[in-house]
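Accompanying notes for the structure given below.
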Amino acid sequence: MNLLEQELDYPFGAQMPDSGSTLEVAPGVRWIRMALPFALDHINLWLLADEIDGVAGWTVVDCCISREEAKAQWEAIFAHELQGRPILRVLVTHMHPDHIGLAHWLCERWKAPLWISATDYYAARLGSQSTTGFGGPDSADFFVAHGLSDEGKLAEIRGRTSYYPSMVPAVPRRFHRLMDGATVRIGAHDWQCISGYGHAPEHMALYSPAQGLLLGGDMMLPRISTNVSVFDQEPESNPLQLFLDSIDRFQALPADTLTLPSHGKPFRGLHTRIRQLHEHHRDRLAEVLVACQAQPCSGADILPIMFKRPLDAHQTTFALGEAVAHLHALWFKGQLQRRRDADGVYRFLATA
Ligand SMILES: [Zn+2]
């Protein structure tokens, strides 16, 4: 546990649900943990006791990527953890593969509707049908423009076509739209939708005032900071500012809210965590600004300043996207100016 984590309270300690099983974290709210084949090696999913049209069952929150191991784990849960009741609804916080990958499979199997924000629904449908949307030549060109010159990594990124469809082979053909401020009745409780930006197009967290629970998705994680990246599809964006503005919206929730995050363990200390995340990004922004005061810097120049460890091609795409996000936050604030040099690379220099 790092120093920052010691400021948070983990009410379940080291307890975690076993594979194929669940752990009750509040009445009618069950925690599922599934393995992921990435550096981020797990995701938390949730089962909420529900009743729709007079039928008692469950709402599932998030799904895991599409792969046999995850389906097998779901099968074990269907067999032993549902108390003989059906899954009535599949609610997805955002369009990233670990969250929506198996939504089509769950919805099909249980004849259950998908609930998700409209922006993420359409982004997921496009992504699952496209070979180049995430990774591939466009993405490699974008990274070249931000200074990436490692030919091996670029070749890997260029070759990474069909990356999203490999984990999200299909998306249900229809959906129920989640909107900021809307209330979703799940079983005996109301959950308020809170949209968040900067990590996914239109992420939805859900808050239950009666239970003091926040389904934080990827917007409120206890140990790691949420990935906030500029991508080739929206190359002029300012996702870091969007993210910081979004997490401030959770400040209005009570201090003793139990946050159920998509990665890591359920925690209390929401306001502390919001402060830590602000401090984390404030410190990174300060380092980036100092570097750009000394000389014009590309995103690739910023990488070793922000990330001290060696990065493989996959990690480089996240890290460079995140480096550009920090450059853009300063650029949008007027603290940096951008120029495109003769080599086609964007470089940023402090304005004063
Ligand atoms: Zn995500």
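The values are calculated or read from the model by the stated rules, or taken from the named source; none is laboratory data. Everything numeric in this text was worked out from a predicted model, so none of it was measured. With ideal geometry, Cβ positions are generated from the backbone for all residues, glycine too; neighbour counts draw on all protein chains shown. Calculation scope for accessible area: heavy atoms of the full protein, side chains included, ligands and nucleic acids excluded. Shrake-Rupley method; radii C 1.70, N 1.55, O 1.52, S 1.80 Å.
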Task: Relative contact order computed over the range 5-276 (Cα-Cα under 8 Å; 6+ residues apart), in percent - done: 17 percent
Task: Reduced Cα scattering model of the range 71-134, Debye log10 I(q)/I(0), q = 0.17, 0.20 Å⁻¹ - done: -0.64, -0.83
Open item on the list: So with the 1.4 Å probe, I'd like the accessible area per residue for the chain, rounded to whole Å².
Closed with: 42 Å²
Task: the chain: most fluctuating residue of Pro27, Pro254, Pro172 per GNM, C-alpha cutoff 10 Å - done: Pro27
Task: Theoretical ellipticity at 222 nm over the chain - DSSP helices of four or more residues, -39500 (n - 2.57) apiece, nearest 500 - done: -10500 deg cm²/dmol
Open item on the list: Treating only the Cα positions of the range 1-160 as identical point scatterers, give the base-10 log of I(q)/I(0) from the Debye formula at each q in 0.17 Å⁻¹.
Closed with: -1.06
Task: Label zone at Thr272, where the point sits 7 Å out along the Cα-to-Cβ direction: the range 228-263 residues whose backbone N lies under 15 Å - done: 255-259
Open item on the list: Just to verify a number: what accessible area does Trp105 come out at with the full protein assembly present, 1.4 Å probe, Å² rounded to tens?
Closed with: 50 Å²
TODO: At 1.4 Å probe size, with no ligands or nucleic acids counted, give the accessible surface of Phe175 in Å², nearest ten.
DONE: 60 Å²
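Consider all pairwise Cα distances in the chain and report the whole-number % of them above 36 Å.
Working: 13252 of 61776 pairs.
Tail of P(r) above 36 Å: 21 percent of Cα pairs.
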- [ ] May I ask what percent, to the nearest 5, of DSSP beta bridges between residues of the chain are antiparallel?
- [x] 75 percent
Open item on the list: Please compare each pair in Lys308/Lys333; Lys153/Lys308; Lys71/Lys111; Lys71/Lys265; Lys111/Lys265 to a cut-off of 28 Å on the Cα-Cα distance and tell me which ones are over it.
Closed with: Lys111/Lys265
Task: Heavy atoms of Cys193 accessible to a 1.4 Å probe, total area in Å² rounded to 10 - done: 0 Å²
Task: 20 Å reach of a label modelled at Lys111, 7 Å along Cα-to-Cβ, counting backbone N of the range 48-71 - done: 50-60
Open item on the list: I'd like the carbon and sulfur percentage of the solvent accessible area for the chain, probe radius 1.4 Å, heavy atoms only, ligands and nucleic acids excluded.
Closed with: 52 percent
Open item on the list: Using each residue's phi in the range 276-285, evaluate 6.51 cos²θ - 1.76 cosθ + 1.60 at θ = phi - 60° and report the 3J(HN,Hα) Karplus result to the nearest Hz, with x for Gly and Pro.
Closed with: 4, 5, 4, 5, 4, 6, 4, 5, 5, 4
Open item on the list: Only Cα pairs within less than 10 Å get springs; with that Gaussian network setup on the chain, which residue of Ala200, Ala56, Ala319 has the largest fluctuation?
Closed with: Ala56
Open item on the list: Considering only C-alpha atoms, what is the centroid distance from the range 235-309 to the range 165-187, in Å?
Closed with: 27 Å
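Distances over 24 Å make up what percent of all Cα-Cα pairs in the range 215-352? Walk me through the numbers before you get to the answer.
Numbers: 3217 of 9453 pairs.
Result for the distance tail: 34 percent.
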